[in-house]
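The values are calculated or read from the model by the stated rules, or taken from the named source; none is laboratory data. A quick note: this is a predicted structure, and the numbers were derived from the prediction, not measured. Positions of Cβ are backbone-derived with ideal geometry, glycine not excepted, and every protein chain shown enters the neighbour counts.
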Ligand code: AGP
């Protein structure tokens, strides 16, 4: 989380930093700040909340002449979202911005406090700037002092430091959190991802973990643990594909409506008349592979979970799904005959990225399914399949989930095709359903209006259970996650058959049950489960093609010929329901409290 920008050069710096931070605001919006050094003039501004507050605060400020500058948008990890905790953090004569977590900051802080240093914030980041000044005061040489500082840090970081002791230099270091350097002649930019520098820089270098250095007079000097290092820049695309709301109230709403056409892009060149094709995969990709492990977080984890049913059903291959943050520390048994798949919208999720690195170290074949090309996860994987969803701005993921689910469905069928575990008849049936998917994703205005009306009945109560069976269980988990993320109401996803083993104790009229009741999958079983809840007075919102007389509210779906078509159609219903409840509650749909789009801390 958190977004970092930096610029060294003659141009007006405030606008460069604010524009860059605007592009990174999805990474956190608890506070933002900038610091500029021009000769002897030091300027520093911070504001809590969204970037617009910082814009307002810096309205009358303009930088002049050559200088160095850094900026930051924060997702709070250590310390509340206050102005004192906002970056850049100031020492006596230096500023620092940081993304990540310094795990040993308590020890470092205590040592510094013993030396008489006073800390103004509760953050881990502030230790970096004091540590640097401690070493620089002793050495009177900023780069070795910075180098020594970096050596002391444990954990994940991408950090930029500027100091009056070297007013023509930006110091940088990266380990575990993303950062890149952009070049335009003598001018140099830093950013957490490439969007802030597109249109400004024409070449880029994506820093690797363990790299650090400084930039001065347009020249970057780069080091890693082996010493000074040469590096090769690559061309940076000139087109910024920026997302606009296009008349929708929220990005999330637009992204729900977009799902139908982005799905066509996801399938293009991959779903052929009588086969599935991935140009990313060599013919022998699955040779010597006997099992699959998928690792992901949040929504991406839910798409993985749904696909585990498909990999076993169509590909006849064992498939385990792991939450990345759990996987990392369970000392997993990793074998080379297992394909390791990571799924991520952003491609920067720290837990997923670290799990991927573990798999690589174990010598596993790695494949990522990702929405962002050139992201850390894509670069780290042996092979990447892009989901082609386009930029997703809403923090609550929608079209990324839809396209991930589609790629995974295609991949499981592809596996069945190469392993000859699916008959021609099944292959045809699946392909036929895939081709119909964009239609199943079209948002029916009448349905949307009905959900808007219904939403007013679901603003109170003591919680929601989303229930489903088979692939509809992960969909229930996803429906519940969507609702809690943007409504702040308690919601859980549960396998319908599991309710009787405990959660049914909660049933009363104030317990809302959203029942996913597909016609094509265990309809009678789930019907019994919902009847059990209804008998205990739970309020039932049933989503099904089949009218259900015990439903308090009923959403009729259209598709009843293939489970995946029902899956996608019901997915849209749950997304719209969450959206409309959030709107009624007056919440910030696109930037819900406490969240960030890209989670780059553990
Ligand atoms: C989705 O609505 C969430 N905001 C979140 O759970 C997200 O899916 C998770 O953080 C993983 O992100 P990724 O797909 O970018 O790796």
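Here are some notes:
- Those residues of region 389-423 which are more than 16 Å from the ligand (Cβ to nearest atom) and either without any contact (Cβ under 8 Å) to a residue 12 or more places away in the chain or under 13 Å from residue 346 (Cα atoms) (or both), in sequence order: 420, 423
- The residue pairs whose first member lies in region 341-356 and is closer than 15 Å to residue 320 by Cβ and assigned by TED's automatic domain parsing to the domain that holds residue 298, whose second member is more than 7 Å from the ligand (Cβ to nearest atom) and assigned to a loop (DSSP other than H, G, I, E, B), and whose beta carbons are closer than 8 Å, counting only pairs six or more residues apart or on different chains, are 342/381; 355/328.
- Any chance residue 69 is without any contact (Cβ under 8 Å) to a residue 60 or more places away in the chain, in contact with a strand residue (DSSP E or B) (Cβ under 6 Å, 6 or more places away or on another chain) and assigned by TED's automatic domain parsing to the domain that holds residue 146: no
- Among the candidates 560, 590, residue that is in contact (Cβ under 8 Å) with a residue 12 or more places away in the chain, within 16 Å of the ligand (Cβ to nearest atom), in a loop (DSSP other than H, G, I, E, B) and out of contact with any strand residue (DSSP E or B) (no Cβ under 7 Å at 6 or more places or on another chain): 590
- If you go through region 170-194 and keep only what is at pLDDT 95 or above and touching a helix residue (DSSP H, G or I) at 6+ places or on another chain (Cβ under 7 Å), you end up with 171, 173, 182, 189, 191.
- Qualifying residue in region 240-255 (condition: assigned by TED's automatic domain parsing to the domain that holds residue 146, within 30 Å of residue 165 (Cβ to Cβ) and either away from the ligand (no atom under 16 Å from the Cβ) or assigned to a helix (DSSP H, G or I) (or both)): no
- Qualifying residue in region 575-583 (condition: within 21 Å of residue 50 (Cα to Cα) and more than 16 Å from the ligand (Cβ to nearest atom)): yes
- In region 510-531, the qualifying residues are those that are in a helix (DSSP H, G or I) and out of contact with any helix residue (DSSP H, G or I) (no Cβ under 6 Å at 6 or more places or on another chain), and the one that is farthest from residue 467 (Cα to Cα) is 524.
- Residue 273 passes every criterion in (1) surrounded by fewer than 19 Cβ atoms within 10 Å (Cβ to Cβ); (2) touching a strand residue (DSSP E or B) at 6+ places or on another chain (Cβ under 7 Å); (3) more than 19 Å from residue 360 (Cα to Cα) apart from (2).
- Single condition residue 120 does not satisfy, out of (1) farther than 30 Å from residue 352 by Cβ; (2) in a strand (DSSP E or B); (3) modelled with pLDDT under 95: (2)
- Subset tally (residues that are surrounded by fewer than 14 Cβ atoms within 10 Å (Cβ to Cβ) and assigned to a loop (DSSP other than H, G, I, E, B)) for region 210-230: 5
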